[in-house]
Amino acid sequence: MSSLNPTLITFLFYIVAMVVIGLMAYRATTNFSDYILGGRRLGSFVTALSAGASDMSGWLLMGLPGAIYLSGLSEMWIAIGLIIGAWLNWLLVAGRLRVHTEVQHNALTLPDYFSNRFNDQKKILRIVSAFVILIFFAIYCASGMVAGARLFESMFEMSYTTALWISAIATISYVFIGGFLAVSWTDTIQAGLMIFALLLTPIVTLLTFSDMSQVTLALETARPQAMNLVGDLSTVAILSLLAWGLGYFGQPHILVRFMAADSVKSIPNARRIGMTWMILCLAGAVAAGFFGIAYFQQHPELASVVNANPETVFMELTKILFNPWIAGIVLAAILAAVMSTLSCQLLVCSSTLTEDFYKSFLRKNASQKELVWVGRFMVLLIALLAIWMAGNPESKVLGLVAYAWAGFGAAFGPLIILSLFWKRMTLNGALAGMIMGAVIVILWKNLFAATGVYEIIPGFICSFIAIIVVSLMGKVPTAEITDRFEQAERLYNETK
């Protein structure tokens with residue numbers, strides 16, 4: 001255990017640093033808007049890196065390298081789809097959503113925006129969208145808990161349950177204290193740590209070989225299809241992997257970063273920074289899994305842990321190849337990936353429960369201080385639910401993320417896109433699309449998974465159709481609704 005002490009020290013230092021940032025953010029949090037949206041004052045650099053870090057969870061350093069290690073470059077279609085989807089999301093949605101949410105009575109959450117956008121007097125849209133967020137984020141948060149537990153379990157040889165609680169407490173502490181500003185500031189640091197680890201690890205792995213021919217030989221021996229981008233994938237399988245990109249349009253923890261930008265003018269620069277960071281990180285994750293195949297083929301005596309669970313390939317390479325002090329820094333990147341996404345998800349769930357249930361139905365005149373503290377306790381509530389869901393040690397990070405990603409993408413993606421571009425859209429159309437998307441994803445996942453079609457594809461298509469058909473069947477939106485939409489469009493065009 002003594003050899004792990006430097007790694008443990010590095011980890012503890014990292015966790016303490018995150019909590020200190022939480023305390024700094026606590027001093028800058030004066031009202032509920034600060035706690036859940038940072039007062040809409042994030043610059044382009046923080047907007048870009050916090051959006052990227054909150055997007056790329058433990059999946060980036062565990063799920064994706066593990067999938068590449070198991071199947072080769074054919075799993076890279078996920079990364080390609082994500083890059084396309086993220087770029088379109090920055091280009092089409094980011095700026096417009098920033099303006100529209102402000103024009104729509106300064107909406108602080110997505111349910112708040114939907115309710116204001118369509119004058120939902122009965123608050124049905126607010127309730128349904130809040131339930132969708134809570135259902136799928138509970139699954140998403142559980143994936144973060146699993147990833148964090150796997151990290152602590154692997155590094156410090158502790159039980160899964162103990163590892164689960166320690167990793168959860170590390171994240172909960174700074175979200176509880178500092179809210180959105182703490183999450184955004186820590187995300188920026190964590191994004192830097194992640195890109196450092198993802199670029200360094202595959203390079204060091206590659207340097208263990210004498211030349212590329214040795215790498216190629218090891219790859220061909222271990223996985224003959226590893227270098228084939230198509231492999232044995234069918235057209236349906238490739239489309240399903242690319243379809244991950246559709247999910248970006250409906251992810252609340254990413255969309256909230258756009259809402260928090262200080263100005264529409266910050267978005268183009270944020271897009272360039274964010275996409276550069278994302279492409280480099282995805283390339284590093286793919287390379288780590290890919291070169292990991294060759295490395296463990298050359299060193300089969302070290303491969304037992306990875307062969308038992310491919311999602312540990314990045315961790316095992318780091319532990320084997322680096323000095324314990326450096327390994328601590330690199331492996332903290334996995335904790336950074338887990339904490340950055342999980343913290344944002346906890347905060348979105350907290351803001352939904354506080355703004356869209358507590359304030360809307362229980363305490364309409366609640367003070368700002370009261371709302372901040374209710375928000376903090378909601379973080380604890382959602383975290384406990386996610387810990388309970390993550391209690392099964394057999395849970396796979398990629399599988400949990402895929403389900404939640406599809407649920408949000410199908411339920412909210414078409415709704416977000418059409419609400420920003422089509423003023424003829426109606427409240428009933430929005431409600432029909434949201435319900436259709438969520439229900440189709442759940443049904444497809446449980447009844448038609450054998451088809452090999454990723455559930456986001458039928459869910460997204462059916463949601464899009466439902467919104468258009470139901471909207472056209474209903475009455476034209478009122479002048480008040482269309483006037484606000486046109487006001488937002490004018491403001492967007494003037495300020496972009």
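The values are calculated or read from the model by the stated rules, or taken from the named source; none is laboratory data. What you are looking at is a predicted structure, and each value in this text was computed from that prediction instead of being measured. Positions of Cβ are backbone-derived with ideal geometry, glycine not excepted, and every protein chain shown enters the neighbour counts. When the accessible area is computed, the model is the full protein with side chains, heavy atoms only, and any ligands, DNA or RNA have been set aside. Shrake-Rupley method; radii C 1.70, N 1.55, O 1.52, S 1.80 Å.
Would you be so kind as to identify all helices of the chain, as entire DSSP H runs, whose Cα atoms reach 27 Å or more along the helix's own axis and whose mean Kyte-Doolittle hydropathy is at least 0.0? Could the numbers behind the result be given before it?
On the way: long enough: 5-28 (35 Å, 1.60); 124-156 (48 Å, 1.78); 160-207 (42 Å, 1.54); 267-298 (46 Å, 0.93); 324-353 (42 Å, 1.79); 368-389 (32 Å, 1.51); 397-421 (34 Å, 1.90); 427-447 (29 Å, 1.59).
Helix filter hits for the chain: 5-28, 124-156, 160-207, 267-298, 324-353, 368-389, 397-421, 427-447.
What accessible area, in Å² to the nearest ten, does a 1.4 Å probe give for Phe152?
Answer for Phe152: close to 10 Å² accessible.
Local charge sum around Arg223 (other residues, Cβ-Cβ under 14 Å, Lys/Arg +1, Asp/Glu -1)?
Local net charge: -3.
To the nearest 20 debye, what charge dipole does the chain have about its Cα centre, counting +1 at the Cβ of each Lys and Arg and -1 at the Cβ of each Asp and Glu?
1520
Taking the Kirkwood radius as the inverse of the mean 1/r across Cα pairs, report the Rg/Rh of the stretch 430-496.
1.19
Work out the FRET efficiency for Trp325 and Glu370 from their Cβ-Cβ distance, taking R0 = 45 Å, and round it to the nearest 0.05. It would help to have the intermediate numbers written out before the result.
Details: r = 45 Å, r/R0 = 1.01.
Between Trp325 and Glu370 the formula returns 0.50.
For q values of 0.11, 0.17, 0.21, 0.25 Å⁻¹, compute log₁₀ I(q)/I(0) with the Debye formula on a Cα-only model of the stretch 228-296, without solvent.
The computed values of log10 I(q)/I(0) come out as -0.46, -0.89, -1.07, -1.19.
Taking a spot 7 Å from the Cα of Leu491 along the direction of its beta carbon, which residues of the stretch 79-101 have an amide N less than 15 Å from it?
95-101
For Met24, Met155, give the ranking by accessible area with the largest first, probe 1.4 Å.
Met24, Met155
How many Å³ per residue does the convex hull of the Cα positions in the stretch 180-279 occupy?
It comes to 148 Å³ per residue, whole-number rounded.
Show me 282-293, 224-235 ranked by packing, highest mean number of other Cβ atoms within 10 Å first.
On the way: 282-293: 24.5, 224-235: 14.0.
Output ranking for 282-293, 224-235: 282-293, 224-235.
With no solvent and one point per C-alpha, what does the Debye sum give as log10 I(q)/I(0) for the stretch 212-268 at q = 0.20, 0.26 Å⁻¹?
Debye output, listed in q order: -0.81, -1.03.
Quick one: net charge of Ala237's neighbours, Cβ under 15 Å, K/R +1, D/E -1?
Within the 15 Å Cβ shell, the charges total -3.
Cα-Cα pairs above 16 Å in the stretch 56-170: how many percent?
Everything past 16 Å amounts to 74 percent.
Less than 13 Å Cβ to Cβ from Gly72, Lys/Arg counted +1 and Asp/Glu -1: what total charge do the surrounding residues give?
Computed value for this residue: -2.
In Å and on Cα atoms, what radius of gyration and Dmax does the stretch 340-496 show?
When restricted to Cα atoms, the stretch 340-496 yields Rg and Dmax of 18.9, 54 Å.
Using only DSSP helix segments of four residues or longer, with each worth -39500 (n - 2.57), what per-residue ellipticity at 222 nm results for the chain after dividing by its residue count and rounding to 500?
-25000 deg cm²/dmol
Compute the distribution of all C-alpha to C-alpha distances in the chain, in bins of 10 Å from 0, and list the percent of pairs in each, rounded to whole numbers.
Once binned at 10 Å, the Cα pair distances of the chain give 4, 20, 31, 26, 13, 5, 1, 0.
Send over the semi-axes of the stretch 274-382's equivalent ellipsoid, whole angstrom and largest first, taken as the square roots of 5 times the C-alpha gyration tensor eigenvalues.
Largest first, the stretch 274-382 gives 43, 14, 13 Å.
Provide the per residue accessible area, probe 1.4 Å, for the chain, rounded to a whole number of square angstrom.
That works out to 37 Å² per residue.
Ordering Phe13, Phe408 by how much accessible area each has at a 1.4 Å probe, largest first, what is the list?
So the residues, ranked largest to smallest area, are Phe13, Phe408.
Over the stretch 86-140, what number does the Rg to Rh ratio reach, with both radii from the alpha-carbon atoms and Rh per Kirkwood?
1.03
Using alpha-carbon positions, what is the distance between the centroids of the stretch 406-440 and the stretch 462-494, in Å?
12
To the nearest 10 square angstrom, what accessible area does Tyr248 show with a 1.4 Å probe?
Its accessible surface works out to 10 Å², give or take rounding.
In whole percent, how big is the carbon plus sulfur part of the accessible area of the stretch 246-363, probe 1.4 Å, protein atoms only?
Accessible surface attributable to carbon and sulfur in the stretch 246-363 totals 62 percent.
Using label points projected 7 Å from each Cα along Cα→Cβ, tell me how many nm separate Ile9 and Gln225, to one decimal.
If labels sit at Ile9 and Gln225, their model points lie 4.7 nm apart.
In a solvent-free Debye calculation with one equal scatterer on each Cα, what is log10 I(q)/I(0) for the stretch 379-466 at q = 0.13, 0.25, 0.26 Å⁻¹, listed in the order of the q values?
Scattering profile of the stretch 379-466, log10 relative to I(0): -0.51, -1.10, -1.14.
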